[in-house]
Amino acid sequence: MSTPERPAVITDNAFRFDSFSNGQYLYNKKTGRLPAMGWNSWNAFGSANTEELTKAMAEKILELGLDKLGYRYVVLDDGCYKPVRVNGRLSNEETKFPGGFRALADYLHAKGLKFGMYNDIGTHLCAGANVGTCGFEAEDAKSYVEWGIDFIKVDNCYYLWDDATFSDRENARYTYAPNIKSISITGSGHEQKLEAAKAKIIGNGPSFSDDHLTGIGTFDGTGPDVSPVGPLSGEALFEVNVPVAGEYALTVEYSTGREPGVGAWLQVALGHGEDLEFFYDDLLPETGDKETYAESPKIPIRLKEGVNTVRLMNHRRQENTLYSYSALKKGFEEAAPGNDILLSTCEWGKTQPHNWALKIADSWRILNDISFQVGAPGNIGHTEWESDYTTSITSQYNKAVIMDEFAGLDKGWNDPDMMVIGMGGITETMSKTHMTMWCMMNSPLMLGLDLRRVQKGDGLYNIIANKDIIALNQDPLGIQAKRIYSTAEEQAPDTVYLRDNDRVDVLAKPLADGSVALSFINLSKERKGSALSVDIPRILSFLGGKLSNKDALAKATSFLVKDLWTGAEEKQTEGIFTVSGLEGCDCEVLKITPLGD
């Protein structure tokens, strides 16, 4: 195999934008899995991880009993391969991993642990090695199966069909349609020209500018500025009225660019869902610049008698990314039919993966990295509680907390990146709240610290090994918590994207035993002294049919209330649950169990 020269021709509508929400999965993707738990090398060691360090982390997992709590995946991140392929195959970096990957997998499996690895859908890995899976998916899948992996994290650097990290910025030509000034329809003695102003815009992104349409495509969701709720793309719809059914020619007056908002890839289609039919899905000849307009080659199109809605769009940013990740998933299925390898996609929320990754993946990253200052042997790295970009606990939380409707046992899990507990820059209080957030939100729990710094009973251990808190993440009902109240947004706290951390949030999570977990989270670094309460009617109004026993909660005359961080329990009869105040960055987590008469 070799690196492809252009995006794949998509002939199967299963990869199309219209199919993202049809509930159908690709290549035997399994459902019913709870979030993965384990340890990943990146935040602890960056590219400096070694076979020796990996084995030391495995031994600490066993020594601390973390495996018995669910932390079983040991994942090698970037930096473990030779910098180039050997005879077209991936191979271990012999200084760092002298025993090879199969031997390491056998070592971990013998200890009851699972083995995970890393790659990228681009040409290179993010740290620069020229061994990305692009064009080599089938071969790489065979290698991973031979090595006995159980989990793979797949990044999105150096991607050929998008201006992803380290990719050519001019790849925007693939992700946006050209500017459109008009369309013309000819055939059966009929001629019709429709100016851009006649189009109907749907979704987000496209707009009218002077005499043309621009911004048709999928805009970038990687950074914190874009809400994860709502469409990330849009279309221009033209109503074409023809006298008889038959073959017609569509001509588009257009100009191309290579920048966000103006590209060269156009999709022309009619219908939706099962009736979807494409008539063009390719680059148009480039016009030199976005100010120069030209007429496209005639595009054959079949129209019915009367009114037809012609869709001009470019959903390729999402479709290409799904297709590329699917190629590796297909390789796994061909190499080991029915395999149980977990796929963690890591494209940083660029294409709203929570809309499409459920078709192939077990989890999907929702933002760029939580920290860019990772550790190394002898260096614990650095992270932040809050920041203007993605590199903080609250930046990740603020997006993931309103994404609950996109997650579940029948879909997969939103991934706000690996945990930064134990890194520099945050306190134990922040780490405790970080753990609470990730467990309430059913995020994968991938530890990212040098576990040799942890001893049983110390502060870090008590956070990562809290059985009651972990149980929220691994609850068999598998429902991500919903934000049911925020001091910054009372009307729609479950969907409004909030970035100002001067607030307290209340999350509610239904549990399989009929109880509900409530977390009160102070996002601010300042103490919030006011009392805050939520009652049973509010819980019922937001969780509704998600509760495993709604009637028991609604009719209960008393409740057992357990503080999951202190272990304290009390019985109360009011059905109103209150915290009297919270220190900066602190939280309180209550498990509310309805009692009978």
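Things to note:
- Formal net charge of residues neighbouring ALA172 (Cβ-Cβ distance under 11 Å; K, R +1; D, E -1): -2
- The chain - charge dipole about Cα centre, Lys and Arg +1 at Cβ, Asp and Glu -1, debye rounded to 20: 1080
- Cysteines of the chain lacking any other cysteine Cβ under 4.7 Å from their own Cβ: CYS80, CYS134, CYS346, CYS439, CYS585, CYS587.
- Over segment 377-500, the pair-distance histogram of Cα-Cα distances with 5 Å bins from zero comes to 2, 11, 19, 22, 20, 14, 8, 3, 1, 0 percent, rounded to whole numbers.
- Counting lysine pairs in segment 127-201 that sit 8 or more residues apart in sequence, or on different chains, and whose Cα atoms lie under 22 Å apart gives 4.
- Size descriptors for segment 10-131, from the alpha-carbon set: Rg then Dmax equal 17.4, 52 Å.
- The phi-based Karplus calculation (6.51 cos²θ - 1.76 cosθ + 1.60; θ = phi - 60°) puts the 3J(HN,Hα) values of segment 196-204 at 4, 5, 7, 6, 9, 9, 10, x, 10 Hz, whole numbers, x for Gly and Pro.
- When a 1.4 Å probe is rolled over the protein heavy atoms, the share of accessible surface on the chain that falls to carbon and sulfur comes to 48 percent.
- Among the listed pairs LYS304/LYS411; LYS55/LYS82; LYS432/LYS546, those whose Cα-Cα separation exceeds 30 Å are LYS304/LYS411.
- Couplings 3J(HN,Hα) of segment 297-305, computed from phi: x, 5, 9, x, 8, 9, 10, 8, 5 Hz, in residue order, whole Hz [Karplus 6.51 cos²θ - 1.76 cosθ + 1.60, θ = phi - 60°; x for Gly and Pro].
- Cα centre as origin, Lys/Arg/Asp/Glu Cβ charges: segment 256-324 dipole, Debye: 40
- More than 23 angstrom apart: percent of Cα pairs within segment 267-416: 59
- Applying 1/(1 + (r/R0)^6) with R0 = 51 Å to the Cβ-Cβ distance of TYR389 and ALA245 gives a FRET efficiency near 0.45.
- Relative packing of 434-447, 401-414, which averages over residues the other C-beta atoms within 10 Å, highest first: 434-447, 401-414
- Cα centroid separation, segment 56-112 to segment 493-550 (Å): 39
- Considering only beta bridges that DSSP places wholly inside the chain, some 75 percent are antiparallel.
- The GluC sites (Glu not before Pro) of segment 559-597 that meet both conditions, a loop assignment by DSSP and at most 11 other Cβ atoms within 10 Å of the site Cβ, are GLU574.
- If you bin all the Cα-Cα distances of segment 99-153 at 5 Å, starting from zero, the percentages per bin are 4, 20, 25, 22, 17, 8, 3.
- Taking 0.36 nm per residue of separation and subtracting the current Cα-Cα distance, fully stretching the chain between ASP468 and ASP535 would add 21.9 nm.
- Each of GLU490 and ASP225 was given a label point 7 Å from its Cα along the Cα-to-Cβ line. The distance between the two points is 3.2 nm.
- Taking each of LYS525/LYS591; LYS30/LYS525; LYS111/LYS330 in turn, the alpha-carbon distance tops 32 angstrom for LYS30/LYS525.
- Of the trypsin sites (Lys or Arg not before Pro) found in segment 312-388, none is in coil by DSSP with at most 10 other Cβ atoms within 10 Å of its Cβ.
- Only alpha carbons enter this Debye calculation for the chain, each as an equal point scatterer, and the log10 of I(q)/I(0) it gives at q = 0.06, 0.11, 0.12 Å⁻¹ is -0.34, -1.04, -1.18.
- Among LEU553, LEU303, ASN179 - extreme Cα towards positive end, dipole of the chain, charges at beta-carbon: LEU553
- Spatially proximal aspartates and glutamates relative to LYS467 (Cα-Cα < 14 Å; intrachain offsets below 8 disregarded): ASP67, ASP475, ASP563
- For segment 579-595, putting each phi into the Karplus relation 6.51 cos²θ - 1.76 cosθ + 1.60 with θ = phi - 60° gives couplings of 10, 7, x, 9, 5, x, 6, 9, 8, 9, 10, 10, 9, 9, 10, x, 10 Hz, in residue order, rounded to whole numbers and with x for Gly and Pro.
- Of all DSSP beta bridges confined to segment 249-404, the antiparallel ones make up roughly 90%.
The values are calculated or read from the model by the stated rules, or taken from the named source; none is laboratory data. Quick caveat, the model's predicted, so the values are computed rather than measured. Glycine gets a Cβ as well: all are built from the backbone with ideal geometry, and neighbour counts include every protein chain shown. Only protein heavy atoms, including side chains, enter the accessible area calculation; ligands, DNA and RNA are left aside. Shrake-Rupley method; radii C 1.70, N 1.55, O 1.52, S 1.80 Å.
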